[in-house]
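Please find one structure pasted underneath; my questions will follow.
Every number in this text was worked out from the coordinates using simple rules, so none of it is lab data. Treat the numbers as computed from the prediction; the structure is a model and nothing was measured. Note: ideal-geometry Cβ built from the backbone for every residue, glycine included; neighbour counts use all protein chains shown.
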C-alpha cells in the first residue's frame with residue numbers, strides 16, 4: 001500500500017498519470033482530499049471519476065477537532081481495481097448520536113466498478129464486479145466474488161454474501177455465480193481477463 | 001443474467017441422454033429447439049467430470065449441503081437448528097415486507113447527544129422504502145433478539161375494528177379468541193392426530209393402523225395375514241374422533257372475519273392488499289397492515305457430485321468466512337474457451353477504456369454486407385489439440401445470416417510455458433498474423449495456446465432491426481493424452497453464441 005503521490009512521473013501526453021506503484025489515474029478525474037486516499041497499486045481511476053477523500057471522520061466530527069492531527073484514510077482501494085468513468089466514490093455517512101459522521105470506505109483487490117456508479121458502501125471485498133449505473137447505498141457490505149448487475153440499487157446496510165449475483169431495485173440476491181467465476185485461462189487470445197478474475201491484464205491494456 | 005456482448009454459451013451433453021452411453025453417436029444439437037435452453041450455460045457455471053470426461057452443468061450435478069448460513073449476519077446455522085426452527089435466521093435479520101430490503105433496528109427516539117445511551121423502544125425500519133414496524137404497531141424493548149421478541153408478541157388486532165350491523169352475525173356470548181396463525185393451527189392438528197394414531201394403533205385391525213406402515217403393529221399384522229394358523233378375528237375398527245375444539249386445532253368459519261375482510265378491501269382498495277411477490281413472502285397476510293417483517297432465509301454452501309459416477313466436482317471449505325474450495329474442477333480449465341470480436345477491433349479489454357464504458361463497441365450488422373469477426377479458441381490443456389469447427393450455413397433465429405468460417409480446421413498449441421509468451425510480448429509482436437486480408441484456409445492470428453480464425457457473416461436482406469444474431473458453432477477437439485489411452489480422442493460440442501444487433 002502506498003499513498004498516491006501527485007505526478008510522480010509525468011507521461012508526455014497520455015490520458016493517465018502513472019504512479020510508481022503502477023496506479024493509473026486519469027487527468028480528468030476529480031479527486032478531493034488526496035491525502036486521505038490510498039491506492040494499492042496497478043489501480044485505474046478513469047476520467048470523470050469523483051473520489052471524495054475529503055469526507056473524513058475527523059473533518060466532520062466537531063466534538064474532537066483534529067484528534068491526533070494526522071488525517072485518517074477515508075477511501076482505500078486495493079490492487080488491480082478499476083473504477084470506470086463517471087463513478088462517484090464517497091465514504092458512507094450517518095447521523096450518529098446527533099453528529100454526522102463519515103466512516104472509511106474500503107475496496108478490495110480486482111474489483112471492477114462499472115461506469116456511472118454511485119458507491120457509498122462500507123466495504124467491497126475482492127473479485128467483485130459491479131455493473132454500470134449501479135447504486136450502492138450507505139453501509140453496504142459486499143463480500144467476495146459478487147456480481148452486481150447493471151442498474152441495481154443496493155439498499156443501505158445490505159450485506160451481500162459471497163458468491164452471489166445481485167440485481168433489482170431494491171437489490172436482492174437473484175442467483176449464484178458459478179464455480180468458474182474468475183477462472184481465466186492464461187494467454188487468451190487478447191482477452192486475458194474475465195469478470196471477477198484477475199484484472200491485471202485489463203489494467204495493463206488501459207493506457 | 002445481464003448479458004455482456006458478445007456472450008458464449010456452451011452446451012452440456014445432458015441435452016442428449018444417450019450421449020454418456022454412446023459417446024461416438026453423432027447427434028446433431030439444435031440450438032433453436034426450446035429444449036436447448038436448458039443445457040446452454042456460460043462457461044463459469046459448468047463443471048468437468050474427470051472420470052466421465054464430460055462437461056457437467058447444474059442440471060447433471062447432485063448437490064450436498066455443506067453448511068447453512070444467514071446471508072445477512074453471515075453466521076453459520078447448525079443443521080439441527082434448521083430442522084427445528086426452519087429455513088430462517090433466528091437472530092435479528094429481517095427483511096422489509098414491502099420491498100425485501102434488510103431492515104435496520106433503530107431506537108424510536110434517537111438520542112440527541114453522544115453522552116446518552118440508546119434506550120428503547122426500538123423499531124425496525126426499512127432504509128429503502130418508508131415502511132417501519134410502527135405501521136403494524138410493533139415495538140421492541142431490546143435491540144437484539146428480535147425473533148424472540150416477535151414470537152412473544154401477539155399478532156395485533158386489525159387496525160380498523162368493524163362494528164357488524166347485523167346482530168345475528170356478531171357473537172356477543174364468547175370473547176373472541178386470538179386468531180391463530182397457520183403454523184399454530186397446523187401444529188395443534190398434527191399433535192391431535194398423531195395422538196390418535198398412537199392410541200388406536202394398539203387395537204389390532206384398526207383401519208387407521210393400515211396407514212401407519214412403519215409401526216411394528218402393522219408388520220405383525222401383515223405376518224399374521226400370511227401365517228397358516230387360525231385366522232385372527234377381525235375387530236371392528238374404532239371410529240376416529242375428529243378435532244372438535246380449538247385446542248385440537250379446529251378452525252371454525254367465522255362470518256365476522258369474512259365481513260371484516262370485505263370491509264377492509266372496500267376501504268383500502270387494491271393499494272391496501274398485498275399482491276404478487278409480497279404475498280408470496282408473507283403467506284398469511286392479506287392486507288398491507290398485516291404484513292409482518294420476514295426473517296431472512298438461509299443460504300447454503302453446497303458440494304457438487306457428478307450424477308453419473310458420483311465423483312466430487314466441487315467442494316467448498318465449510319467455513320463461512322473463506323471462499324476457497326477444497327475440490328473444484330471447472331470446465332474452463334478443461335475445454336477450450338471460445339470468444340468472438342469484430343475484426344479490426346482490439347480485444348474486449350480496451351473497450352472498457354472508452355468513455356462510454358463497456359458495450360460501447362457493439363457493432364451493428366448491415367443487411368447483405370459481409371462483416372468479419374475473429375473467433376478465438378483458447379486451449380487450457382497441457383497438450384496441443386486439433387480443432388475442427390463447423391457451423392450451419394444459415395443461422396436460425398430472428399436474424400437470418402449466412403455464416404462462413406474461413407478456416408475450420410487447425411491446431412492449437414499447448415498451455416505450457418507462460419514465459420514464452422511473456423518474453424515474446426516484451427520483444428514485440430507476441431502473436432503472429434493479425435494483418436492483411438482474411439483468406440480462406442488460413443489462420444488469422446495465433447498465440448502460444450490460442451488461435452483466432454475469421455468468420456464471415458452476411459445478414460439476409462430482410463434482417464430485423466434491434467435483434468441479436470446467434471451463431472451456433474460445433475467444436476470438435478482431438479488430443480493425444482500422453483500415456484492415457486482413454487483420453488486419446490475427445491469430442492466436445494461448444495456452442496458459441498456471439499451476438500450483435502442487426503440493422
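Can you tell me which of B:377-388, A:43-54, B:35-46 comes out highest on packing, and rank the rest after it, using the mean Cβ neighbours within 10 Å?
Details: B:377-388: 19.8, A:43-54: 22.8, B:35-46: 18.2.
Order by mean packing, descending: A:43-54, B:377-388, B:35-46.
When B:129, B:49 are ordered from fewest to most other Cβ atoms inside 10 Å of their Cβ, what list results? If you can, show how the numbers build up before the last one.
On the way: B:129 15, B:49 24.
Starting with the residue having the fewest Cβ neighbours, the order is B:129, B:49.
At what distance in nm do the modelled label points of residue B:129 and residue B:50 sit from each other, each positioned 7 Å from its Cα along Cα→Cβ?
Once both label points are built, they end up 5.0 nm from each other.
Grab the beta carbon distance between residue B:224 and residue B:64, set R0 = 60 Å, and tell me the FRET efficiency rounded to 0.05. Working shown, then result.
Values: r = 42 Å, r/R0 = 0.70.
It comes out at approximately 0.90.
Taking 0.36 nm per intervening residue step and subtracting the Cα-Cα distance, what contour gain separates residue B:439 from residue B:191 on full extension?
Values: separation 248, 0.36 × 248 = 89.28 nm, distance 7.88 nm.
Difference between extended and current length: 81.4 nm.
Another question, if that's okay. Could you please rank B:135, A:20, placing first whichever residue has the fewest other Cβ atoms within 10 Å of its Cβ? Can you show the working numbers first?
Details: B:135 17, A:20 11.
Starting with the residue having the fewest Cβ neighbours, the order is A:20, B:135.
Still on this structure: Between residue B:267 and residue B:322, 0.36 nm times their residue separation minus their Cα-Cα distance comes to what? Please report the intermediate quantities before stating the final value.
On the way: separation 55, 0.36 × 55 = 19.80 nm, distance 5.21 nm.
Length gained, residue B:267 through residue B:322: 14.6 nm.
Then there is this: Sticking with the crude label model, points 7 Å out along Cα→Cβ, report the distance from residue B:286 to residue B:109 in nm, one decimal please.
3.9
Is there a simple number for the mean count of other chain Cβ atoms within 10 Å of the Cβ of residues in B:34-43, and what is it?
On the way: counts 0, 0, 0, 0, 0, 0, 0, 2, 4, 5.
So the per-residue partner count for this stretch is 1.
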